[in-house]
Amino acid sequence: MSTVPLQQLSSQEVVDTTRQFNFGTWRYQKGWSPLHVVDAEGCHFTDSSGKRYLDFSSQLMCVNLGHKNPAVIEAIINQARTLPYSAPGYATTARAELSQLLLEVIPKGLVKFFFATSGTEANEAAIKIARMFTGKSKIIARYRSYHGSTMASIAATGDPRRWPVEPGGKGQGVIFAPEVNCYRCPIRHEYPGCDIACADYLEHMIENESDVAAVIAEPVVGTNGVLVPPPEYFPRLRKICDRHNVLLIADEVMSGWGRTGEWFAVDHWNVLPDILVTAKGITSAYVPLGLCATTARIASFFDDHYFAHGHTYEAHPMTLAPAIATIHEMQRLNLIERSRVMGQYLGDKLKALAQAHASIGDVRGLGMFWAVDLVKNRKTKEPLNTMPEKLAGKPLVVDQVAAELMKAGVLVQSWISHLVVAPPLIIEKDEIDSGIVALDRALAIADRHVEA
Ligand SMILES: Cc1ncc(COP(=O)(O)O)c(C=O)c1O
């Protein structure tokens, strides 16, 4: 049987082949018609018809440097020429250089690194390490959260992506705490009068559960609504964990690498987690890399205890060299500062949209990381759609808004009843302005669903 060389495929054949032979993730397969993307540069990507799209969500909140950064591409080419693979048991120059560089940018006190190939795997490592180190089994996670797709990380995921794989996905000692969500407080309190009771409730859980190894939390919750905690929350949680000898795992897969206007979100509150997990922006997503970083206390435990974890692709040189280039580029372009300044500009523009659209219930964010929360009714804060509707594959209003934006040449990620606006950190003001104009128009769709 002869096969057609890929370059001869028409765009329609590319789409049809993809649809027929690949799984579309987190969706019903029926109706999947993936866009054929052929190029990307800076804050834009291009489809096979030549149409350009503003990437207003950095794909999956991961292309922090923008597309096709030449220094990162050069690093990939050079590493491929020098040493494309080496088993994890060996030392490599890329591994040593990245480790030294990480010590400069990640929170001080995190000194030992395990390199995986996704955020999911890095969380999997974190959970195993926490259990091995503490000798305890339970993990406290929070409902509005996503920690990954494999068994332990989906078990720790609070959002409805966990539901279809239960009970297997849940049966690993994970228990859920209320999230910190000042817009829709799950325990109906109001900040600051609440004195962040949601944090104290975690202490109640720890005391009543026993056997708790770790609390895992996204310092700024990502996909589930860019939930920014009050400044006291993480320092309080740190103290609670310390009091009970429970580890604090910060999942910075999405919130890391300048996204919130600091290298890592925990830097906003000077909190040192016992384990920090990250991925995505570490290579601007050009190659798959995840990182699980631990303190010296955890690291030294494994000097004379068996470290029962590893992968063929752990510390894969092709993933490490581009991370070095990414960090250097972020430093050269001063992207942390830029995320703060341009993020403020973006946030102000989004807040101004709320004046014009009754469907906008809340605009919240930090740095270059924003959510536009859409509601039927500003008073009741009832969302336009629900989690069960999402899992049932019902057409959601946010998805219609996102589709309208794509028609206008702007990608914005949508989730249940909010949009996540998180462009590359290199974005310019005129690009932000054009994204806002498109959003302004597309929100007319959501406004039609507001209760009279
Ligand atoms: C906070 C968080 N943790 C973990 C993950 C999983 O990372 P990955 O998709 O690289 O496996 C994600 C992905 O979006 C995430 O946002």
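The values are calculated or read from the model by the stated rules, or taken from the named source; none is laboratory data. Worth saying up front: this structure is predicted, and the values here are computed from it rather than measured. Cβ: placed from backbone, ideal geometry, glycine included. Neighbour counts: every protein chain shown. These area figures cover heavy atoms from the full protein model, side chains too; ligands, DNA and RNA do not enter into them. Shrake-Rupley method; radii C 1.70, N 1.55, O 1.52, S 1.80 Å.
Brief remarks follow.
- Area accessible to solvent at Lys108, 1.4 Å probe radius, in Å²: 150 Å²
- Residue-level accessible surface for Phe307, protein heavy atoms, 1.4 Å, Å²: 70 Å²
- The largest accessible area among Arg297, Arg332, Arg142 belongs to the first residue in Arg332, Arg297, Arg142, and the rest follow in falling order (1.4 Å probe, all chains).
- On the principal axes of its alpha carbon atoms, the range 13-78 extends 39, 26, 23 Å, with the longest extent given first.
- Accessible surface of His244, taken over heavy atoms with a 1.4 Å probe and every protein chain present, rounds to 50 Å².
- Computed from backbone phi with θ = phi - 60° and the Karplus coefficients 6.51, -1.76 and 1.60, the 3J(HN,Hα) list for the range 253-270 is 4, 9, 7, x, 6, x, 4, 9, x, 9, 4, 9, 4, 4, 4, 4, 10, 6 Hz; x is used for glycine and proline.
- Accessible area per residue for the chain is 44 Å², calculated with a 1.4 Å probe on protein heavy atoms, without ligands, DNA or RNA.
- Using only alpha-carbon positions in the chain, the gyration tensor eigenvalues give semi-axes of 32, 30, 22 Å once each is multiplied by 5 and square-rooted (largest first).
- Overall size of the range 193-321 from C-alpha positions, given as principal axis extents largest first: 50, 38, 22 Å.
- The alpha carbons of the range 188-231 occupy a box of 30, 26, 18 Å along the principal axes, longest dimension given first.
- Counting Lys and Arg as +1 and Asp and Glu as -1 over every other residue whose Cβ lies under 11 Å from the Cβ of Met368, the net charge comes to +3.
- Convex hull volume of the C-alpha atoms in the range 307-452, normalised per residue: 183 Å³.
- A Stokes-Einstein calculation at 10 °C with viscosity 1.306 mPa s, built on the Kirkwood radius of the range 135-251 over Cα pairs, returns a diffusion coefficient of 111 µm²/s.
- Volume per residue for the range 49-171 equals 200 cubic angstrom (convex hull of Cα atoms).
- Whole-Å distance, taken between Cα centres, linking the range 16-33 and the range 373-389: 28 Å
- The listed residues Tyr143, Tyr306, Tyr313 rank as Tyr306, Tyr313, Tyr143 when sorted by accessible area, largest first, using a 1.4 Å probe.
- Net dipole in debye of the range 1-72 [+1 Lys, Arg Cβ; -1 Asp, Glu Cβ; about Cα centre; nearest 20]: 200 debye
- Here the range 274-337 has 56 percent of its accessible surface on carbon and sulfur atoms, given a 1.4 Å probe and all protein chains in place.
- A convex hull fitted around the alpha carbon atoms of the range 252-326 yields 99 Å³ per residue.
- With all protein chains in place and a 1.4 Å probe, the accessible surface of the range 1-117 carries 57 percent carbon and sulfur.
- Translational diffusion of the range 53-104, µm² s⁻¹ [Kirkwood Rh, Cα pairs; Stokes-Einstein; 10 °C; 1.306 mPa s]: 118 µm²/s
- The calculated 222 nm mean residue ellipticity attributable to helices in the chain amounts to -11500 deg cm²/dmol, summing -39500 (n - 2.57) over DSSP H runs of n ≥ 4 and dividing by all residues.
- Solvent-accessible area assigned to carbon and sulfur over the range 385-452 amounts to 55 percent, based on a 1.4 Å probe.
- Each of Glu41, Glu190 has its accessible area taken with a 1.4 Å probe; listed largest first, they run Glu190, Glu41.
- Magnitude of the charge dipole, the chain, Cβ model with Lys/Arg +1 and Asp/Glu -1, debye to 20: 540 debye
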